[in-house]
Amino acid sequence: MEIYLVRHTTPNIEKGICYGQSDIGITDSFQAEVDNIHRQIPIHDIDKVYSSPLQRCKLLAKTFNREIKFDDRLKELNFGDWELLPWEAIDSKELDPWMKDFVTIQVPNGESYVMLQKRIVDFYTSLNLLSNEKIVIILHAGPMRALISYLREIDLKDSFSIKIDYGEVIKI
């Protein structure tokens, strides 16, 4: 199986806002970013497209003109009570412990990075990895890092050293 992991294009949200599973839109640079993504992938040879159901992924998935399989396991980290809050507005009594151990500490009414990795690995291992298919998976930076850290046997705490830009394509 040939897999193209694709991070969604630039989201339409102010810097400094905590967002994960909030369903936010995309910026005006969308088409230019799509064109760049499509240049990196053999579009006509793609057999399947999988996508997070959030619109910043869904809109990109539709540009491949293939049937799309939406899967909640591809969503970004659930930031629970912190969704759409400015990072600076989050109570330091909650934020500080999480910042020290974001891997195992669960966000209030959300999830931990370990929980995210469990669901993305569950998705990955559900694929028929022995097939000759070429697939595109459109998702978010958190699940991409978590999957790459699983595949490369990198500790989750070190996975943020993996730089993933908006619209980045990683072939695995």
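Cα extents for the stretch 110-172 along the principal axes, largest to smallest and rounded to whole angstrom: 33, 23, 23.
Comparing Cα centroids, the stretch 9-52 and the stretch 63-114 end up 18 angstrom apart. If I fit a long axis through the Cα atoms of helix 113-126 and take the longest principal axis of the Cα atoms of the chain, what angle between them do I get, 0 to 90°, rounded to 10? Compared with the principal axis, the helix lies near 20 degrees.
From its DSSP helices (H runs of at least four residues, each -39,500 (n - 2.57)), the chain gives a residue-normalised ellipticity at 222 nm of -9000 deg cm²/dmol. Computed from phi, the 3J(HN,Hα) profile of the stretch 46-54 under the Karplus parametrisation 6.51, -1.76, 1.60 (θ = phi - 60°) reads 6, 8, 9, 10, 10, 8, 4, x, 5 Hz, with x in place of Gly and Pro. Amide H of residue 12 versus every other amide H placed in the peptide plane: which residues, excluding those fewer than 5 positions away on the same chain, fall under 5 Å? The answer is 25, 26, 27.
DSSP assigns beta bridges within the chain; of those with both partners inside it, close to 30 percent run antiparallel. Highest mean packing comes first when the peptides 67-77, 8-18, 52-62 are listed by Cβ atoms within 10 Å, giving 52-62, 67-77, 8-18.
Considering all different alpha carbon pairs of the stretch 2-171, the Kirkwood hydrodynamic radius works out to 16.5 Å. In a simple Cβ point-charge model (Lys, Arg +1; Asp, Glu -1; nothing else charged), the chain has a dipole of about 460 debye relative to its Cα centre. Close Lys pairs in the chain, defined as Cα atoms under 16 Å apart and 8 or more places apart or on different chains, number 13.
Bear in mind these aren't lab numbers, they're just calculated from the coordinates by the rules spelled out. No experiment lies behind these values; they were computed from the predicted model shown. Cβ coordinates were reconstructed from backbone atoms using ideal geometry, including for glycine residues, and neighbour counts include every protein chain displayed.
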